[in-house]
Structure formats: C-alpha cells, structure tokens
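For reference, the structure I am asking about is given below.
The values are calculated or read from the model by the stated rules, or taken from the named source; none is laboratory data. Bear in mind the structure is a predicted one, so any value in this text is a computation, not a measurement. Cβ: placed from backbone, ideal geometry, glycine included. Neighbour counts: every protein chain shown.
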Amino acid sequence: MSNGRIGERLRSRREFLRTVAAASAFTIVPRHALGGPGYTAPSEEITRAVVGVGGMGRGHLGYAGARTVAVCDVDAQHLQQALDSLPAGTRGCRDFREVLAMPDVDVVHIATPPHWHGLIAIAAAEAGKDIWCEKPMTRTIGEGIRLMEAVRRHGRIFRLNTWFRFKDNFYGYGSTVEPIKQIVDSGVLGWPLRVVVGQGTGFDFKFYWSGRTDLTEQPVPPELDYDFWLGPAPYKPYHPHRVHQTFRGYWDYDGGGLGDMGQHYLDPVQYLLNKDATSPVEVEVDAPRQHPDAAGTWRKIILRYADGCEIWLDGEGFSNGMPYIKGPEGELYRNLELYVKGKRVHLRGLPKPAPQETDFYQCVRTRRPFALNERNGFRSCTLVNLGITAVRLGRSLRFDPETLTFPGDEEANRMIWQPMRSPWRV
Amino acid sequence: MKKGLFILGLCCSLAVLLLTAGSAVFAEESPDSAFLGQLGDEMAGAMKQSPTEAYVGELLEKIRRLGPQLEPDGSGSKEDAARRLELSAITDYFGRPDMPAPWREQAASTYGEVLAQGNLSPSARAFLCEQIRRIGTARETAVLAGLLEDPQTAEAACMALESIGGPEACQVLLDALNKAEGAPAHPEGSSPSAVKSIRARLILSLGAAGCADSVALLKGYGNDPELRAPARGALCAIGDPDAAAWCLSDLEAAGDDAARAAVTADLTRLAERLRISQPDQAAELARKMQSSSYGPCRVAGALLEAGLIESGEKRSAWLARRIQQPDAADDPAMWGVLLAAAGDIPGDGAAKAWADLLKRKNTPAGLRRAVAAMLARRGDETSVKAVARAAADKDPEVRAAAMECMNGKAAVRAGKSLLKHALQSEESRERRAAWDALLRTGDPEIHAMAARSLARSNDRQRAELLGFLGNAGAAAQAGAVMEYISAPDETMALAALKAVAQLGDNGQWDGVLGTLLQDAREPIRRAAVDTLSAIWNVLDDTRRRARSRDLARRFGEADETGALALAPLLGRLDSAETRTCLLEQGVSRQDAPVSLRVAAAESLGRNAPECAAALAERIGALPVEGGVRGAALDALVSMLRADFGRAQGAKTLGLLAGAAGAVDEEHRAALVKAAGGAGMAGLEALEPLLDNPEWAGAAAQVIADMVRGDNRRPGIREAKALEIARKALPLLDAGAQAALQEALNSPGAGAAP
C-alpha cells in the first residue's frame, strides 16, 4: 500500500466530497462545473471493488451506479471467471487488503461468507472506503458492535444488501412493505403486535442449508487458498461441502437457513414494528439439539420485545392460515387482507411512511445515511443472531437491548464475543 | 449434464418434501441425518430435565466416557457426530443460568480431566477446549496451561483462557509468555497465515482477557518491531493510561493509513476503558486525539469527548459548536458523524442549538442544508418547527433537504408552503420532494386545500394535483376528482381516472361506468376498466352482487358499441355472473356480432382461467369465420398457461380432444405446450391424448421434452413420468426417440424420489 498515493487520493476525494456536501443536499456537482459539457469528470464516477465473487458477489458486479475496478477472491477460478466477465484492465487479487489499499476504490462490496463480513467491513471503514455488505451483517453480535463503531468513527456510508423495507414485493406475502407499514402505523390493528414469519405467511427458511456431519478430510483444490478462506474461523479439515454455497450449513461461517434468509425476512418486520433502535428482551426456542458444527432445523423461535410485540418464526409449518400480523384490534393476512374487529376493511388515505434514503451511491455523494445502514442493520442482524444463539444453546434466553448482553447468563454472553483464529481480531 | 440435472431435480423434490414434512430432519444430504435428527430431539427432551444429584452424576460420567472417544476432525463417522452432539448438549445443559454453580464447575472440571489425558488428537482437544471456553472457570486454567506450549493446541487454549479471564487465566498466559521463545503458533502447513510467533498470540489473549498484571511485561515490548503493535493493542484493551502516549507517538510515526487506523482503533478502545475508570484522563485523551493530523482520529476523539458529557442538551450544544470549528468544515466525515450523534439525542432541548444554527444567516450554506436534513428526521416540536420553516427557506437546497427528509408532523406544519412549492417550483425535483412530503401528512385539510386548487391550476399543476390526491387516497375529494374523468385533455382524464382508482368507492362507480360507455377514446376506456376493477376490490359482497347483475343486464341490452366497451370489464371482474354472461351472451351467442364474440373471448382469456372448461365445451359450435373460434382457442391457450389448475387443464384438454376436427394444428401444438409448463399435472393431462390420433404427435413431443433432463420440471414424479414417456416413445420421430431413449436408459432413471 503506497502512503503517497493513498494520501493524494484521499485528499482529492476529500476535496470532492467537501465540495459535494457543501454544494448540494440532494444533487451532485453539475457536470459543467467539473469539466465542461460532454466531459465526465472522473471524480463524478463512483468506483467499486467486490470482495467474494463466487456466488452472490457475481450479482454485485452489475449493480448500476458505479464502475467495478477490482475484484477479489481466495478461489483463483472464481476470480478468473469474474475477470473474464469484466472489461480489460479490471484488477484482480486474492487478498482483500490489497483492494483496501487501492486509492481509486471508493466503495467495497463484501460478498464473502458471513464469518468474514465484520472483519472486512471494519478494515474497509478504517481504510476510508464506503461499504456495501451482504447479509447477514455479521456472524456474531460482538462483530456487529465493532462494525458499527468503525463505520461511525470513520464517517463511512454503509449499506446492507437487503432492501425489502423500501422496495420490491416482499417474498410470498403479496405486496411491498410500504402499505403494510401504513396499516401498522395507522393503529387500526392496536398494539402490541405479533408478526408470524413462515411458510403460511409467505416465507421459506430454506432448511436445505443444513450442514453435514459425515465430512471426511479431502485434499484442498489447488485454486483455493483454504487457510485464507477460513480466516478467523476455527481450523477444520477441508471438505467441499464447507465452502462455496454450502458454507451456509455450518455454524462457524453462517447460521443455516436462518442465517441466510433471516435478515431479508426480519429487517422489514423490525421496520414495521418501529424497533430500529432496540432489540427483543426474550427469545424462546423449540428445536432439536444442534450439532456443534453443522446447522440443522428448528421448529419455532419467538422473539419478544419489552412492549409485548412478538415475532414468531415458523420452521415446521404451523403458520398456515395464520395472519401475518395480529393485534388486539385486527389482523392482517397475506395480500393485504385486513380485518378489523372481525370485518374486512379497506383503508384509504393513509399517510406515507417517513422518507428513506434508497440510492446508496447517492448517499455516498451526499453523505446521508442509507435507509438500511450499520445501526438498524445491526439491530435486524441481532434478531437473527439471537435466534441462532438460542437454537445453538437449545434454550430460551433473556437479552438486554441497551447493554447488548444476556443478563446473568455467562454461557450465552460467551457467544456474543467469539474468539477468532489468529491473527484476525475485531 | 443430464445426470447432474436429474440429481438437482431430485434434490429439489427432496427439499420440498423436507420443508413440508414437519419433522426434525437434520441435513438433506447427510446419510446420518435421520439418526442425528432423532438423537437431537431426544437430547432436547433430556436437556429439559431439572438437575438432580443423580442426573448430574450421569452426565458427568458421560463426559468421562465420551470425551476420550472423540475422533479427529474429518473422521466423518456417525458415532463421532453423535458424540459431539451429546457433549455439546451436556455443556449447554450445565451452562444454563439456573444451574447451581458447583455442578457447573464440576462439569467444567470433568472436561479438564479428560483434556489432561494425553491420548487425544489435537482437534479433539480443541473440541474440549471449546466446551471449557463456554462453561469453564479458573479451575480449568491449569490444564489449559499445559496446552499453550504445543503449537497444535495453543490457539484453542488461548481462546478458552480469554473467555474465562480473571487472575488465574492471566497468570497462565503471563507464565506462558515468559516461557515462549518464538515458537510457531501453528503446525507447518495447517495455518500459514497465522502470526509468526506464539508470543504475539499470547499478547493478544492477555489484552482480550483484560490482564492488568501483564502491563509491565507488555510495556517491555515497546522496542520489538514485531510485538509492539499487539502489545499496544493489549495495553489499550486493558485500559492502561500510559498506553495513550505510546499510541499517539505511533500515530504520528505511522507510515500509512492502515497503520494509523489500527492505532486509532486502539486509542478508541483505551478511551472507552478510561471513560469508566478515569473519566478525566479519557477527556484529556479525547482532546489530544482531536489534535491529530489523521482525520478519523479527530473524529473518534470528538465522539469520545461528546460522549463524556452527560446531559443530552449540553452534549448536543457541544456538538453544534464543534461542527463549526475550522477542522470540521474541512472534513465531511466529521460532519456526518457529529450530525448523526446529534440526531440520536432526543428532546426539544437537544434540538435547540441546531435549530438556532439553521436560522442564523452566517451559517455556511452547506452546513445549513446538512442540519436541515438532520432535524427533518427528528420528532420533537423544536425540530418540527425548524424544518417546517426550512421548507420555505430562500435557499432551494435547504428547502429540498428539509422536504426530502421531513416526517409527517413537520409536513403537516409546512403544508401550505409545501403545496405552494409543489405547484409553483420550476425545479421538478423540488416539486417531487414537496409532493412526497405532502403524502406523509395524511391530513384531510391538506387534501381539501389541494382539491380547491384544481380549478385555478394549469394543466401540469392539475395533473400533479390529481396524482397527489390519488396517491394520498383522499376519498373525501372524490367528487372534485371526478369532474375531470371525461376532460377533453386525454392526459388530464387519465390522471383523474387513475386517481379515482386509488381513492374511489361505490359512490364513483356509476360515473366511471358512464365514461366507459360514452367516451370514444380507447385509452380512456381502458383506464375506466382499470378504475372500475380497482373500485370493485373495495366493494362488499352485497354491492358486488348488485353491480354484477347490473352489468350483465347492460351487456345483454347494449348495442355493439356498448357491449364492446363492457366486454373487457366483465372478464376482468372476479364475478361468476359477469363471466358467465360474457361466455353465453358474448362468445356463444349465435347472433352476436363477430367483433363482440372475439372481444368476449379475449376478455375471458386474459382474466378468467376458471372458464376454460366451459369455453372448451362450446368450441365445436363456434364459427371459424371471422376468427371467433380462433379467438376462443387463443383464449384457452392463455388460460392454460396462466393457471393450469384453475383452468382444469386435464378436463379442458379432454373436451377439446373430444371435439374432433375443432382444433387446428397450430392451436393443438400451443395447447399441449401450455400443459408442458404445468409439471406433473400437465404430464398426466397429456397422457390420454396419446390415444387420440389428432393430438398424439404433439403430446408425445411435449412429454419427451418434459421428461428429458434438459427440460425436467421440478415435481415430476419419476416412476409415473417415465411410464408416460415410454408410452409416448413410439409416437416420436427417430431423432426424438433416440434422445428420449437415452434419457430413459440413463442410470438413476426410474429411481423413486
């Protein structure tokens, strides 16, 4: 990493950002002010690097609004496939730290398995990069805390790669989240509310992301830097089922289907319930005992907030026929079917919810926090991590949303800060 | 490729079965999954048992028995998987907060005893270390000490010691550090990226464990180029005030931003420790950090200093002063952080300093805009007032920032001003921001104000007002909106109809129906159909029945023009009465005009798959001339494609096949292809067609495509599918026969799911 080059780039980028922040709350500096008509000044264009281009990362290469200038992967084949799909001149490397040292990279996209998300995001923030991170945000609550601190300390713009709180049809529910939010905010359902997330309400927890317990050691393929792939995770002998897609089935790297899909499903719920700044105080679980290495299935998880709101996760199919949201005054089923005091109701004239910043690259320019940032993203990731912790320990838990600890529960607290294989540390 | 896809299809089917099974199945690909799932359920039940002396003794005995049997990682054995599952369940049982401490300690000690036995593999010992990490106490530090010298177990032992913490763990780590002589932390070939020496690992652990007694030793590494940084980090994690000077010196000497960032992270950790134990020192450190030439260090220092101010109002005022200092003006990261910190402090008192900043004319323009955006996200009265004022600011950027970010309360307060800018601003983005803000009000007064503005607005304004009223669902203003649904200007009329679709109800039905019947403009008629469909969705059953009857009557009585106008609507509404009317009075009526019969068939095809069988029954009686039968067949293709199940695909195809000569070759091909998209249901519907000379060839081809690997659809039941495929085989041409035969002969074909 060249100090001179980084310093120079940071100064010029900083200058640009100062100009942008001073000049505009919602527009970028006009093209003509930078370089004349017809000239796209380089500083207008946002550049990105994608770390992890084996699966989800390939999709990041094509996101509109920025230009990919570098890609990184510990698997040489994945790296080459990505480079083959990009214009000549795109740089490739196998160590994410090289990407962070590139002065011309504005944004780092993190699409590695979750056990790397916290480390790379923190390092990216410290290197002055803005961050677009796959979900789940972090594998543990502790990493999430450190990530929030780092992003804040370095004044970075962070976004999580889930978006249902502000756009797109919400999986099998049958509408976008906005009209649901309008209904909840109107108060017709009463309070507190119970939200049920499962097959019956349109959500599938993908239990096929389960781990195997019969893995025998296999030779590491030559294209894969397995030690680096493991990174902070405990050393376990190589088997292809541990890596590349199926890593989702192992607690060391992810959390099964709950880890994979949980934040997609639960972040909008957190938004609907206005719980972006807090967490549940209790978690109940009904699950078989889990293997310490391989994630398995579970039957039911209940996350309960201090005000009585609950989120029920259905892993066995009990949610068929249940309302998606139930309150003391009414029920909201799939496809916005609303019943208030037993009668079908169509609500009109409801105010739109508070605005959200939904263009990440615009947030990079204006420095306004993105709709799903490190703070509310931490909270919805905590929903997932609370569920995973309860499933792994096989019991119910109490949680303090202020101190972010499990009061009087030392064993659970030791799951918040899980040690990392050296030299990695948050 | 075909075999791979065969297996993929099998796995998809399995996944579907697993999801719907409702049982605790463990892992779809593991051969041990059923066994381990059952064991998992048994263990879950067992672990609910209340602890008793006898039961605890039983579990301790299990640890003693199972622990030594642990196999190395990667053995893959079912027995070892079960062993690990049981042991971790036992650990968690003893880890419960209601477990009496002596019993928990006994369990941890028992793990320690097993660990002390010398005949376990390194990975087995790592597993036991992990159990101790979760429930261990000071009593286990001695046995962990024994593992620190072995590079293969040092990592796991360090992790356990870090979690246990306390003076005993610290002493063990210290003793080990004193003993270590630069041995590698990990065996060669297993972890090449690990730290170069075990000393660095131990130093990291001393910091993580908070070992205050190690401070003197750690300070001794100041001149060691490899160990200075980890030692510094450990001292900061412990909270030694002397580490501050070390850090600040390293910060200035750092050669690149990565090194500066690492020091800043350490400084932040130190300051957080000092905040609790020595707040004055923390404040001093925070100030020193803010003098650094490294931006993120200044930002961290500012946040720390702010965090030391207890009163929210005073903290907010401090932040407002801080943001105006010269170094902040030059640092957008500092702005963002200070504003975010201010935004987090609730209450009117906290907003005051910022509202004042926004009001002052000498506040730099860029700062005013950023402050407007921050205040707009708050909910207190001071912020709401300030933002409402900002929505009328002379600076368009300040106005825009306020409008884009303001919540509903501020928008209500600023309603008049917002409406003015929404209508009069030359800048489309500002108009959009104003309309969006108005949509957050849900205020009937604002809706009324907007409706009153319709009459005196120009075309562009009127279209935007109609759009607003519709998006706002301003039902009380329906009357005002309805005035425009037949406007001479087509854009206006369309905007009005769209708005009525969003806010209308039964009261607007007749008016819109009138437009449908009387307006000659095709786009207006289409929009009227959309609007009536939208209104239909909010009608109760009684009103729906009444409207259905009325529409059916009108359709029967209408002339060709009127009936043509009504046809798209009758098919669109979810009403058996209107759809039956369309079928009988439209498609099937012999004396109906050809254009009407075609339009009726099209309407059913787009909207009503459940009418497929009824339409198929009539197909033979429909004339070919004029395209009536063709339109009906096109409709049937659409219905089968859209929803084979609702279209009763098997019955419909059967009826069509029974009408010999009624379906031309092109439509036969399209109909069987539609069945091809319907999975097993489609396959089973095609089977009888193999016995029909007219249909057999097309059906056989589609069956072959469905069953061959590259077109396999999920959910195809193998045995039945292959049986049907074998029946189709002789009906194919040579090339297709060969391809299908290959698929039928492939290994695994015919295996039951």
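Would you check if B:Ser453 is within 14 Å of chain A (Cβ to nearest Cβ), in contact with a Lys or Arg (Cβ under 9 Å, 6 or more places away or on another chain) and surrounded by fewer than 21 Cβ atoms within 10 Å (Cβ to Cβ)? Step through it out loud before you land on a result.
On the way: within 14 Å of chain A (Cβ to nearest Cβ): no; in contact with a Lys or Arg (Cβ under 9 Å, 6 or more places away or on another chain): yes; surrounded by fewer than 21 Cβ atoms within 10 Å (Cβ to Cβ): yes.
So B:Ser453 fails the test.
Does segment B:531-538 include one or more residues that are among the hydroxyl-bearing types (Ser, Thr, Tyr) and under 36 Å from the mean Cα position of the chain (by Cα)?
As a first pass, look at segment B:531-538 and keep what is among the hydroxyl-bearing types (Ser, Thr, Tyr): B:531, B:533.
Cutting the leftovers down to under 36 Å from the mean Cα position of the chain (by Cα) gives us B:531, B:533.
So far as segment B:531-538 goes, yes, one or more of its residues are among the hydroxyl-bearing types (Ser, Thr, Tyr) and under 36 Å from the mean Cα position of the chain (by Cα).
Conditions tested, residue by residue: (1) modelled with pLDDT of 95 or more; (2) on the phi < 0 side of the Ramachandran plot; (3) among the small types (Gly, Ala, Ser); (4) surrounded by fewer than 21 Cβ atoms within 10 Å (Cβ to Cβ).
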| residue | (1), (2), (3), (4) |
| --- | --- |
| B:Leu583 | yes, yes, no, no |
| B:Leu596 | yes, yes, no, no |
| B:Pro623 | yes, yes, no, yes |
| B:Val628 | yes, yes, no, no |
| B:Ala632 | yes, yes, yes, no |
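Anything in segment B:112-139 that is assigned to a loop (DSSP other than H, G, I, E, B) and within 14 Å of chain A (Cβ to nearest Cβ)? List them, or say none.
Initially, segment B:112-139 is screened for residues assigned to a loop (DSSP other than H, G, I, E, B), giving B:117-121, B:136-137.
If the condition is that a residue be assigned to a loop (DSSP other than H, G, I, E, B) and within 14 Å of chain A (Cβ to nearest Cβ), then B:Ser121, B:Gly136, B:Thr137 are the ones that fit.
Of all residues in segment B:474-529, count the ones that are surrounded by 21 or more Cβ atoms within 10 Å (Cβ to Cβ) and in a loop (DSSP other than H, G, I, E, B).
Residues flagged as surrounded by 21 or more Cβ atoms within 10 Å (Cβ to Cβ) and in a loop (DSSP other than H, G, I, E, B) within segment B:474-529 amount to 4.
When residues of segment A:394-413 are filtered for being surrounded by 24 or more Cβ atoms within 10 Å (Cβ to Cβ) and more than 12 Å from chain B (Cβ to nearest Cβ), how many remain?
Number satisfying all stated conditions: 1.
Kindly establish whether B:Arg641 is within 24 Å of B:Leu517 (Cβ to Cβ) and in contact with a helix residue (DSSP H, G or I) (Cβ under 8 Å, 6 or more places away or on another chain). I'd like the intermediate steps shown before the answer.
Numbers: within 24 Å of B:Leu517 (Cβ to Cβ): no; in contact with a helix residue (DSSP H, G or I) (Cβ under 8 Å, 6 or more places away or on another chain): yes.
In short, no.
Going by the conditions given, is A:Asp130 closer than 17 Å to A:Trp424 by Cα, at pLDDT 95 or above and of a type in the set (Asp, Glu)?
Details: closer than 17 Å to A:Trp424 by Cα: no; at pLDDT 95 or above: yes; of a type in the set (Asp, Glu): yes.
It is false that A:Asp130 is closer than 17 Å to A:Trp424 by Cα, at pLDDT 95 or above and of a type in the set (Asp, Glu).
Still on this model: Scan segment B:111-150 residue by residue and report those that are closer than 16 Å to B:Arg84 by Cβ and over 43 Å from the mean Cα position of the chain (by Cα).
Answer for segment B:111-150, where residues must be closer than 16 Å to B:Arg84 by Cβ and over 43 Å from the mean Cα position of the chain (by Cα): B:Val114, B:Leu115, B:Leu120.
Could I ask something else about it? Of all residues in segment A:199-229 being more than 10 Å from every other protein chain (Cβ to nearest Cβ) and either on the phi > 0 side of the Ramachandran plot or of a type in the set (S, T, N, Q) (or both), which is surrounded by the fewest Cβ atoms within 10 Å (Cβ to Cβ)?
So the residue we want is A:Gly202.
What number of residues within segment B:368-383 are within 12 Å of another protein chain (Cβ to nearest Cβ) and buried (at least 21 other Cβ atoms within 10 Å of the Cβ)?
At the first step, the residues of segment B:368-383 found to be within 12 Å of another protein chain (Cβ to nearest Cβ) are B:368-374, B:376-379.
Imposing the further condition that a residue be buried (at least 21 other Cβ atoms within 10 Å of the Cβ) reduces the set to B:368-374, B:376, B:378.
Of the residues in that region, 9 qualify.
Could you grab me the full set of residues in segment A:277-321 that are facing another protein chain (nearest Cβ under 8 Å), touching a residue at least 24 places away in the same chain (Cβ under 8 Å) and basic (Lys, Arg)?
Matches in segment A:277-321: A:Arg289 only.
So which residues in segment B:295-319 are surrounded by fewer than 22 Cβ atoms within 10 Å (Cβ to Cβ), of a type in the set (Gly, Ala, Ser), in contact (Cβ under 8 Å) with a residue 12 or more places away in the chain and more than 13 Å from chain A (Cβ to nearest Cβ)?
Hits for segment B:295-319 are B:Gly312, B:Ala317.
Does A:Pro221 qualify as being out of contact with any Cys (no Cβ under 6 Å at 6 or more places or on another chain) and either more than 15 Å from A:Leu266 (Cα to Cα) or without any contact (Cβ under 8 Å) to a residue 12 or more places away in the chain (or both)? Lay out the reasoning, then the answer.
Details: out of contact with any Cys (no Cβ under 6 Å at 6 or more places or on another chain): yes; either more than 15 Å from A:Leu266 (Cα to Cα) or without any contact (Cβ under 8 Å) to a residue 12 or more places away in the chain (or both): yes.
In short, yes.
To continue, here is another question. Going by what's in this entry, would A:Tyr265 be described as over 21 Å from A:Leu404 (Cα atoms) and within 14 Å of the chain's Cα centre (by Cα)?
When the stated conditions are applied, A:Tyr265 passes them.
Please list, ordered by residue number, the helices (runs of 4 or more DSSP H) wholly in segment B:562-659 having 3 or more residues that are under 29 Å from B:Ile535 (Cα atoms) and within 45 Å of the chain's Cα centre (by Cα). Reasoning before the result, please.
Numbers: elements: B:576-581, B:594-607, B:612-617, B:628-642, B:649-658.
Those helices (runs of 4 or more DSSP H) span B:576-581, B:594-607, B:612-617, B:628-642.
Being more than 8 Å from every other protein chain (Cβ to nearest Cβ), closer than 21 Å to A:Asp409 by Cα, of a type in the set (Asp, Glu) and without any contact (Cβ under 8 Å) to a residue 24 or more places away in the chain is the requirement here; does B:Asp98 meet it? Lay out the reasoning, then the answer.
Working: more than 8 Å from every other protein chain (Cβ to nearest Cβ): yes; closer than 21 Å to A:Asp409 by Cα: yes; of a type in the set (Asp, Glu): yes; without any contact (Cβ under 8 Å) to a residue 24 or more places away in the chain: yes.
Answer is yes for this residue.
When you look at A:Gly259, is it small (Gly, Ala, Ser), within 13 Å of another protein chain (Cβ to nearest Cβ) and crowded, with 21+ Cβ neighbours inside 10 Å, yes or no?
So A:Gly259 does not fit the description; no.
Moving on to the next point. Have a look at B:Asp348, B:Asp344, B:Asp330 and point out the one that is within 18 Å of B:Ala390 (Cα to Cα) and surrounded by fewer than 20 Cβ atoms within 10 Å (Cβ to Cβ).
So the residue among B:Asp348, B:Asp344, B:Asp330 that is within 18 Å of B:Ala390 (Cα to Cα) and surrounded by fewer than 20 Cβ atoms within 10 Å (Cβ to Cβ) is B:Asp348.
Yes/no matrix, rows are residues, columns are (1) surrounded by fewer than 19 Cβ atoms within 10 Å (Cβ to Cβ); (2) modelled with pLDDT of 90 or more:
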site	(1), (2)
B:Phe26	no, no
B:Gly74	yes, no
B:Arg83	no, yes
B:Phe94	no, yes
B:Pro97	yes, yes
B:Ala101	yes, yes
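Being outside any helix (DSSP H, G or I) and of a type in the set (Gly, Ala, Ser) narrows it down to one of B:Gly467, B:Gly442, so name that one.
Numbers: B:Gly467 fails: outside any helix (DSSP H, G or I).
So the residue among B:Gly467, B:Gly442 that is outside any helix (DSSP H, G or I) and of a type in the set (Gly, Ala, Ser) is B:Gly442.
Oh, and also: Being within 14 Å of B:Arg273 (Cβ to Cβ), touching a residue at least 40 places away in the same chain (Cβ under 8 Å) and surrounded by fewer than 19 Cβ atoms within 10 Å (Cβ to Cβ) is the filter here, so list the residues in segment B:230-259 that pass it.
Step one: list which residues in segment B:230-259 are within 14 Å of B:Arg273 (Cβ to Cβ), which gives B:232-244, B:247.
Keeping just the survivors that are touching a residue at least 40 places away in the same chain (Cβ under 8 Å) gives B:241, B:244.
Answer for segment B:230-259, where residues must be within 14 Å of B:Arg273 (Cβ to Cβ), touching a residue at least 40 places away in the same chain (Cβ under 8 Å) and surrounded by fewer than 19 Cβ atoms within 10 Å (Cβ to Cβ): just B:Pro241.
Kindly evaluate B:Ser292 against the criterion of being hydroxyl-bearing (Ser, Thr, Tyr), outside any helix (DSSP H, G or I) and either within 14 Å of chain A (Cβ to nearest Cβ) or over 38 Å from the mean Cα position of the chain (by Cα) (or both). So that I can check it myself, show each step before the final result.
On the way: hydroxyl-bearing (Ser, Thr, Tyr): yes; outside any helix (DSSP H, G or I): yes; either within 14 Å of chain A (Cβ to nearest Cβ) or over 38 Å from the mean Cα position of the chain (by Cα) (or both): yes.
Yes.
Could you tell me which numbered condition B:Glu272 fails, if it satisfies all but one of (1) within 14 Å of chain A (Cβ to nearest Cβ); (2) more than 19 Å from B:Ser383 (Cβ to Cβ); (3) crowded, with 19+ Cβ neighbours inside 10 Å?
Looking at each condition in turn, B:Glu272 falls short on (3).
Residue by residue, here is whether (1) in a helix (DSSP H, G or I); (2) under 18 Å from A:Thr213 (Cα atoms) holds:
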residue	(1), (2)
B:Lys48	no, no
B:Val56	yes, no
B:Gly67	yes, yes
B:Asp73	no, yes
B:Arg84	yes, yes
B:Pro102	yes, no
B:Thr110	yes, no
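Just checking, which of B:Arg554, B:Arg549, B:Arg545 is crowded, with 16+ Cβ neighbours inside 10 Å and modelled with pLDDT of 95 or more? Lay out the reasoning, then the answer.
Values: B:Arg549 fails: crowded, with 16+ Cβ neighbours inside 10 Å; B:Arg545 fails: crowded, with 16+ Cβ neighbours inside 10 Å.
Among B:Arg554, B:Arg549, B:Arg545, only B:Arg554 is crowded, with 16+ Cβ neighbours inside 10 Å and modelled with pLDDT of 95 or more.
Sticking with this one: Run down A:Val391, A:Val364, A:Val426, A:Val384 and say which single residue is outside any loop (DSSP other than H, G, I, E, B), more than 8 Å from chain B (Cβ to nearest Cβ) and more than 30 Å from A:Pro179 (Cα to Cα).
Working: A:Val364 fails: more than 30 Å from A:Pro179 (Cα to Cα); A:Val426 fails: outside any loop (DSSP other than H, G, I, E, B); A:Val384 fails: more than 30 Å from A:Pro179 (Cα to Cα).
Just one listed residue meets the conditions, A:Val391.
How many residues are crowded, with 20+ Cβ neighbours inside 10 Å and farther than 20 Å from B:Thr91 by Cβ if we restrict to segment A:280-298? First the steps, then the outcome.
Taking segment A:280-298 first, the residues crowded, with 20+ Cβ neighbours inside 10 Å are A:280, A:283, A:285, A:287-298.
Filter once more, keeping what is farther than 20 Å from B:Thr91 by Cβ: A:280, A:297.
Of the residues in segment A:280-298, 2 are crowded, with 20+ Cβ neighbours inside 10 Å and farther than 20 Å from B:Thr91 by Cβ.
Can you find a residue in segment B:119-134 that is of a type outside the set (Phe, Trp, Tyr), closer than 30 Å to B:Ala54 by Cβ and at pLDDT below 90?
Yes.
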